[in-house]
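One structure is given below, encoded as structure tokens.
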Amino acid sequence: MERSKFEQLVGEALDGIDEDFLARLENVAIVVEDEPNEYQRKKLGLGENQLFFGLYEGVPQIKRGPGYGMVLPDKITIFQGPIEFYCQTDEEIKEKIKETVWHEIAHHFGTNEERVREIEKNREK
């Protein structure tokens, strides 16, 4: 898929997030990369063949104290290569992007991985 189309789908996924949450996103950049880099893989303990769709890097909002400020933006990265490899159709790509964007935004607000997975299971029902 062309990068511009993929980025458009990321934008559409953001548009689908509840406005209350979007309004509370603070100091966060959302970017698209081809693959996780070596530093990200090592930091997460990912093996060579493990697929990873997105990554939140930063200070979750619930951990920001009164002294938080003058820092670089948090970063949410959506990885195009693994998503395309995992999905069979453009519609599956669109859905996986939506899931991944939501998942990483949940981390920005301080939701841990276990709780995000639990919420995702309940959303699927």
Answer yes or no: is there a residue in region 93-100 that is crowded, with 17+ Cβ neighbours inside 10 Å, of a type in the set (A, V, I, L, M, F, W, C) and in a strand (DSSP E or B).
no
Just one of E91, E84, E99 is modelled with pLDDT of 85 or more, more than 16 Å from the chain's Cα centre (by Cα) and under 22 Å from L14 (Cβ atoms); which is it?
E91
Given the residues A29, A23, which is the only one that is among the small types (G, A, S), in a strand (DSSP E or B) and exposed (fewer than 14 other Cβ atoms within 10 Å of the Cβ)?
A29
Among all residue pairs at least 6 apart or on different chains, which show Cβ distances below 7 Å where the first residue, located in region 89-110, is under 19 Å from L22 (Cα atoms) and touching a residue at least 12 places away in the same chain (Cβ under 8 Å) and the second is surrounded by fewer than 19 Cβ atoms within 10 Å (Cβ to Cβ) and polar (S, T, N, Q)?
H108/Q61; F109/Q61; G110/Q61
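The values are calculated or read from the model by the stated rules, or taken from the named source; none is laboratory data. Only a predicted model underlies this, so the values are computations on that prediction, with no experimental measurement involved. Every residue, glycine among them, receives a Cβ derived from its backbone with ideal geometry; neighbour counts consider all protein chains shown.
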